[in-house]
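What follows is a single structure, written as structure tokens, with notes after it.
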Amino acid sequence: MIGGGLAGLACAVALAESGIKVRVFEKRPHLGGRATSYTLPDGSEVDNCQHVTLGCCTNLADFYRRAGADGKIRFYDRLYFADREGRRSSIAASVLPPPLHMAPSFVGFQALGFDDKAGIAKALMAIAWAGGRPRDIDGVTMLDWLHRMRQTPDAIERFWRVVLVSALDEELAQMDARYGVDVFWKAFLGSRGGYRVGIPSVPLAELYDGCRDAILRKGGEVRLRCGVREIRLRENRFAGVALEDGTEISADACVAAVPHDVLLGMLPAAMAEEGGMLAGLKHIRTSPITGVHLWFDRVVMKEPFLALLDHTTQWIFNKSLLYAHAEANGDGPAKGQYLQLVISASYDLVPRSRQDIIDLCRRELEEVLPATRDAKLEKATVIKEVRATFSPEPGVDQWRPAQKTGVEGLFLAGDWTQTGWPATMEGAVRSGYLAAEEALASFGEPRKFVQADLAFEGLSKVWAKRAQASLS
Ligand SMILES: Cc1cc2nc3c(=O)[nH]c(=O)nc-3n(C[C@H](O)[C@H](O)[C@H](O)COP(=O)(O)OP(=O)(O)OC[C@H]3O[C@@H](n4cnc5c(N)ncnc54)[C@H](O)[C@@H]3O)c2cc1C
């Protein structure tokens, strides 16, 4: 296994559970890839960026169970929003059957007017009525689709954009409408629990200890700070890898679970040339995410997290509360508060200085969290992930390769491979499970790891069935 991110770990654990001896080679000093945490020079443990899961991410939930980490994810049923005036709204499921379960709290959503809500309701019902597959969205951007559905500017900015830019790490004008529609169908319309937000209550790296144990138990090995330089092929078969220190390693099969641009550098150049097996990878663009970590000298926020409307900052996570520090709950002496802010598709922030970004975020926080005005900012850090995820632009799926390659014994995993999902932890785990299924099938020991999606409920179940029937 080359790469110890979520795709590599999910695949390695699945293979180990099937009795395969897996050796994981990870270039960095810790597991988890992009979804990890590390220690700053001053000793604070920070996530590379806040990561959240949703109730509809069934494979990620399965992976956390296998890794013994499911108890470290806490699910929240209510989502909180704040507008420029600091006004709060929140949404949560009611007793109504899907797709109507969110409707009562949506009606009370303060930041939107009647016309905005009527338009949004019409578009959401069009998605649900079509069983998640509205016609004529192929090759269309989400923004085009929203214009077609006659959404008001406020509905686009204060509703669709707020949910989708952070879910898919791309602007609406660059986003494939199919991915955008899928987010609403799977998370908010299809079932009652799909939208529930799951947040780790520990630093991300602590979620993966069980993976290492599962691999070692079966006689496997996890080697950190151990980069692979080259994947060697002979007569269209996997022949071995060369590590960065020059060591040669052989194996029956190899799963390459590294980012797509890294993979290209490990394989013969001809594979990336026109007509080559991986020529499509050069067309996959990436988009940035910026995380801003702020430590205040006092408690400035009560909610566990907040989505911001009309701001550059998209989400604020109350890390002190999420890590369940008693003082942040007001149960003990208030010693300060650690917040993490997330800005997806942060193209505008990439060239700006870190201090500029911190100043911008502080100004925005003063609008939505008035207590920050008098608070002292004790420490701040900015983490720019310039190539955070692949961009879900229209047509991107044609460039995403399957997990089984044309080379015997070589398999691919990674959120960028063909999973039907955008670049998410769920997509990464699915790719790992699919790669494990392909590898085991090639050994003549087929097994299934990919989990079913959340079952559709209520009217959504009826409409999903009808959509399925019309396809077959
Ligand atoms: C800032 C940010 C925020 C995000 N937020 C969310 C979120 O809230 N929810 C969500 O679901 N998803 C989120 N994502 C996306 C999610 O992190 C990724 O989709 C997922 O972690 C990808 O996993 P992966 O295993 O495919 O790739 P990676 O995590 O990139 O793993 C690849 C691994 O390969 C290793 N590697 C590279 N080169 C070599 C080499 N030569 N030899 C050996 N190893 C090598 C890398 O070090 C890495 O560990 C976010 C991503 C970022 C960057």
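In region 319-340, how many are surrounded by 18 or more Cβ atoms within 10 Å (Cβ to Cβ), modelled with pLDDT of 75 or more and in contact with a helix residue (DSSP H, G or I) (Cβ under 7 Å, 6 or more places away or on another chain)? I'd like the intermediate steps shown before the answer.
Residues of region 319-340 that are surrounded by 18 or more Cβ atoms within 10 Å (Cβ to Cβ), as a first pass: 319-322, 328, 336-340.
Now drop any that are not modelled with pLDDT of 75 or more, which leaves 319-322, 336-340.
In the following step, the residues that additionally are in contact with a helix residue (DSSP H, G or I) (Cβ under 7 Å, 6 or more places away or on another chain) were identified as 320-321, 337-340.
So the count comes out to 6.
For region 226-248, how many residues meet the condition of being open to solvent by 90 Å² or more (accessible area, probe 1.4 Å), within 14 Å of the ligand (Cβ to nearest atom) and in a strand (DSSP E or B)?
1
Give the residues of region 122-134 that are closer than 15 Å to Asp182 by Cβ and surrounded by fewer than 17 Cβ atoms within 10 Å (Cβ to Cβ), sorted by residue number.
Filtering region 122-134 down to residues closer than 15 Å to Asp182 by Cβ leaves 123-124, 126-128, 130-134.
Passing the criteria: only Ala126.
For region 1-10, does any single residue satisfy the condition of being open to solvent by 10 Å² or more (accessible area, probe 1.4 Å), of a type in the set (A, V, I, L, M, F, W, C) and over 28 Å from Ala307 (Cβ atoms)?
Taking every residue of region 1-10 in turn, at least one turns out to be open to solvent by 10 Å² or more (accessible area, probe 1.4 Å), of a type in the set (A, V, I, L, M, F, W, C) and over 28 Å from Ala307 (Cβ atoms).
Out of Arg65, Arg78, Arg133, which single residue is closer than 26 Å to Leu454 by Cβ, in contact (Cβ under 8 Å) with a residue 60 or more places away in the chain and charged (D, E, K, R)?
Numbers: Arg65 fails: in contact (Cβ under 8 Å) with a residue 60 or more places away in the chain; Arg78 fails: in contact (Cβ under 8 Å) with a residue 60 or more places away in the chain.
Matching residue, one of Arg65, Arg78, Arg133: Arg133.
Name the residues in region 263-280 that are open to solvent by less than 70 Å² (accessible area, probe 1.4 Å) and either within 29 Å of the chain's Cα centre (by Cα) or of a type in the set (Phe, Trp, Tyr) (or both), would you?
Once the filter is applied, which keeps residues that are open to solvent by less than 70 Å² (accessible area, probe 1.4 Å) and either within 29 Å of the chain's Cα centre (by Cα) or of a type in the set (Phe, Trp, Tyr) (or both), region 263-280 yields Leu263, Leu264, Gly265, Met266, Leu267, Met271, Ala272, Leu278, Ala279, Gly280.
In region 173-196, what count of residues is obtained for those that are open to solvent by 10 Å² or more (accessible area, probe 1.4 Å) and closer than 28 Å to Asp348 by Cα?
6
Name the one entry in Ser166, Ser94, Ser105 that is over 30 Å from Asp348 (Cβ atoms), in a helix (DSSP H, G or I) and polar (S, T, N, Q). Give the steps one after another, and end with the answer.
On the way: Ser166 fails: over 30 Å from Asp348 (Cβ atoms); Ser94 fails: in a helix (DSSP H, G or I).
Unique residue meeting the criteria: Ser105.
Yes or no: region 324-336 includes at least one residue that is assigned to a helix (DSSP H, G or I), without any contact (Cβ under 8 Å) to a residue 40 or more places away in the chain and in contact with a strand residue (DSSP E or B) (Cβ under 9 Å, 6 or more places away or on another chain).
Applying the first criterion (assigned to a helix (DSSP H, G or I)) to region 324-336 yields 326-329.
Going one step further and asking which of them are without any contact (Cβ under 8 Å) to a residue 40 or more places away in the chain, we end up with 326-329.
Next, only the ones that are in contact with a strand residue (DSSP E or B) (Cβ under 9 Å, 6 or more places away or on another chain) stay: 327-328.
There is at least one residue in region 324-336 that is assigned to a helix (DSSP H, G or I), without any contact (Cβ under 8 Å) to a residue 40 or more places away in the chain and in contact with a strand residue (DSSP E or B) (Cβ under 9 Å, 6 or more places away or on another chain).
Scanning for something among the polar types (S, T, N, Q), open to solvent by 70 Å² or more (accessible area, probe 1.4 Å) and in a loop (DSSP other than H, G, I, E, B), does region 439-460 turn up at least one residue?
No, region 439-460 contains no residue that is among the polar types (S, T, N, Q), open to solvent by 70 Å² or more (accessible area, probe 1.4 Å) and in a loop (DSSP other than H, G, I, E, B).
I'd like to verify a number: residues in region 5-37 that are on the phi < 0 side of the Ramachandran plot, within 6 Å of the ligand (Cβ to nearest atom) and either under 16 Å from the mean Cα position of the chain (by Cα) or part of a helix (DSSP H, G or I) (or both), how many? First the steps, then the outcome.
From region 5-37, those on the phi < 0 side of the Ramachandran plot are 5-18, 20-31, 34-37; that's our starting set.
With the extra rule that they be within 6 Å of the ligand (Cβ to nearest atom), the set shrinks to 5-8, 25-28, 34-35.
Retained after the next criterion (residues that are either under 16 Å from the mean Cα position of the chain (by Cα) or part of a helix (DSSP H, G or I) (or both)): 5-8, 34-35.
Final tally of qualifying residues: 6.
Out of (1) open to solvent by less than 30 Å² (accessible area, probe 1.4 Å); (2) touching a strand residue (DSSP E or B) at 6+ places or on another chain (Cβ under 9 Å), what's the single condition that is false for Val429?
All conditions are met except number (2).
Restricting the search to region 402-417, which residues are over 25 Å from Val197 (Cα atoms), open to solvent by 10 Å² or more (accessible area, probe 1.4 Å) and within 13 Å of the ligand (Cβ to nearest atom)?
Result: Gln403, single match.
Yes/no matrix, rows are residues, columns are (1) more than 16 Å from the ligand (Cβ to nearest atom); (2) polar (S, T, N, Q); (3) open to solvent by 40 Å² or more (accessible area, probe 1.4 Å):
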| site | (1), (2), (3) |
| --- | --- |
| Val46 | no, no, no |
| Phe81 | yes, no, no |
| Arg84 | yes, no, yes |
| Pro97 | yes, no, yes |
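Filter region 378-401 down to the residues that are part of a strand (DSSP E or B) and touching a Phe, Trp or Tyr at 6+ places or on another chain (Cβ under 6 Å), then identify the one that is surrounded by the most Cβ atoms within 10 Å (Cβ to Cβ).
Of region 378-401, the ones part of a strand (DSSP E or B) are 378-390.
Those still in the list that are touching a Phe, Trp or Tyr at 6+ places or on another chain (Cβ under 6 Å) too: 378-379, 390.
Values: Glu378: 13, Lys379: 14, Phe390: 25.
Top of the filtered list is Phe390.
State whether the residues of region 250-260 include one that is of a type in the set (Gly, Ala, Ser), away from the ligand (no atom under 16 Å from the Cβ), surrounded by fewer than 16 Cβ atoms within 10 Å (Cβ to Cβ) and at pLDDT below 95.
Residues of region 250-260 that are of a type in the set (Gly, Ala, Ser), as a first pass: 250-251, 253, 256-257.
Now drop any that are not away from the ligand (no atom under 16 Å from the Cβ), which leaves 250, 253.
Those still in the list that are surrounded by fewer than 16 Cβ atoms within 10 Å (Cβ to Cβ) too: 250.
So of that shortlist, the ones also at pLDDT below 95 come out as none.
No - not one qualifying residue is present in region 250-260.
Can you work out which of the residues in region 385-401 that are of a type outside the set (Gly, Ala, Ser) and near the ligand (Cβ under 9 Å from one of its atoms) is nearest to Val46 (Cα to Cα)? Can you show your working first?
Filtering region 385-401 down to residues of a type outside the set (Gly, Ala, Ser) leaves 385-387, 389-390, 392-394, 396-401.
Among the residues that remain, those that are also near the ligand (Cβ under 9 Å from one of its atoms) are: 385, 387, 389-390.
On the way: Glu385: 14, Arg387: 19, Thr389: 19, Phe390: 23 Å.
Here the residue is Glu385.
Any idea which residue in region 279-300 is nearest to the ligand (Cβ to nearest atom), counting only those that are part of a loop (DSSP other than H, G, I, E, B) and farther than 25 Å from Ala35 by Cα?
Keep residues of region 279-300 that are part of a loop (DSSP other than H, G, I, E, B), which gives 284-285, 297-300.
Okay, now just the ones that are also farther than 25 Å from Ala35 by Cα, so 297-300.
Details: Asp297: 27, Arg298: 27, Val299: 25, Val300: 23 Å.
Among those residues, the one meeting the criterion is Val300.
Scan region 143-151 and tell me whether some residue there is surrounded by 18 or more Cβ atoms within 10 Å (Cβ to Cβ), in contact with an Asp or Glu (Cβ under 9 Å, 6 or more places away or on another chain) and assigned to a loop (DSSP other than H, G, I, E, B).
Yes: region 143-151 contains one or more residues that are surrounded by 18 or more Cβ atoms within 10 Å (Cβ to Cβ), in contact with an Asp or Glu (Cβ under 9 Å, 6 or more places away or on another chain) and assigned to a loop (DSSP other than H, G, I, E, B).
When you scan region 55-65, do you find a residue that is surrounded by fewer than 23 Cβ atoms within 10 Å (Cβ to Cβ), part of a loop (DSSP other than H, G, I, E, B) and among the basic types (Lys, Arg), even just one?
no
The values are calculated or read from the model by the stated rules, or taken from the named source; none is laboratory data. Worth saying up front: this structure is predicted, and the values here are computed from it rather than measured. Methodologically, a virtual Cβ is constructed for each residue, glycine included, from the backbone with ideal geometry; neighbour enumeration extends over all protein chains shown. All accessible areas refer to the heavy atoms of the entire protein, side chains included, with ligands and DNA or RNA removed. Shrake-Rupley method; radii C 1.70, N 1.55, O 1.52, S 1.80 Å.
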